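Reviewing the structure listed below.
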Amino acid sequence: MITSGNFTDNGLRHNHEYGVFLDNETLQRELADQIAGLLWIELSFQDVTSLNKKADEFMKEHMVVRQLLFKAGDYISDRRILPDSCKYFVKPLGSANRPVKEGYTVIDDNYIGFSRERFDISEGDLFICHAVKTGNVLGICRVLENGQKESTDFEGDHWNYKFKTECITEEYSRHWWDYDLKTFQLVREFNESKKQGEHVTNRGMDSLGALQFGGQALRVTREFTQFIMDKIGNLQ
């Protein structure tokens, strides 16, 4: 049962509240999976304490002008926490003969391709987009649909099995060339700071060497992806 009503006198007796009752187990699981797959922001006790103090200061300063809004988001660090319910991949874009150049963004390119069908990638999975040759991180993209569509964008395009995606690091990805985030350098930094038992790839490896030998996508761990997401977030 999901409802906007609170267990208060107003919520139960006076307000207009709406809710829905679901007894279909399949729908319940789908809804739970969607919620578990959302990015969320982690708040510590110190964050909440600081936020309460800022709200009190705001109310004292604006006791008369009530139409002004207190924007809590201005005082919260936007650290998006990645879900456990999806898979993570480093996806190289471009090639040695056709490298990604300054001005290209994964924001505008809504389809990311492979040379063959991939059945291990599904809706909600994340791609860390890696520029071949330059080695830059282009951003992080989320897969929007299950399955691939077959299409060719230009003559000689061999990456014709394409997943529809959206960029979730827009501010960084609009100007990725202004930053010095290199994929293999981030691997080294992660290995220097990781906790015991953490690895770069889901197979327990601590390098991305397969990318240097033409790998089309390499599955990595949530911890490594979160490390890169935090790096990007600190730049924005």
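Given Cα positions, please report Rg to Rh for segment 75-204, the hydrodynamic radius being the Kirkwood one.
0.96
Taking trypsin sites (Lys or Arg not before Pro) as exposed when DSSP calls them loop (any state but H, G, I, E, B) and at most 11 other Cβ atoms lie within 10 Å, what is the longest stretch of the chain free of them, the sites themselves excluded?
Longest stretch, sites excluded: 117-194.
At 222 nm, what value in deg cm²/dmol follows for the chain if DSSP H runs of at least 4 each add -39500 (n - 2.57) and the sum is divided by all its residues, to the nearest 500?
-7500 deg cm²/dmol
Rounded to the nearest 0.05, what FRET efficiency do Ala55 and Asp84 give with R0 = 25 Å and r taken as the Cβ-Cβ distance? Could you check?
0.20
For Thr165, what residues show an amide H to amide H distance below 5 Å, using hydrogens built from the backbone and excluding near sequence neighbours?
It is Tyr111, Ile112, Leu144, by chain and number.
Using just the Cα positions, wrap the chain in a convex hull and report its mean projected area in square nanometres, one decimal place.
18.6
Every read-out reported here was derived from the displayed coordinates using simple, explicitly stated rules and does not represent laboratory data. All figures in this text were calculated on a predicted structure; none of them were measured in a lab. A quick note on method: Cβ atoms are made from the backbone with ideal geometry, for glycine too, and the neighbour counts reach across all protein chains shown.
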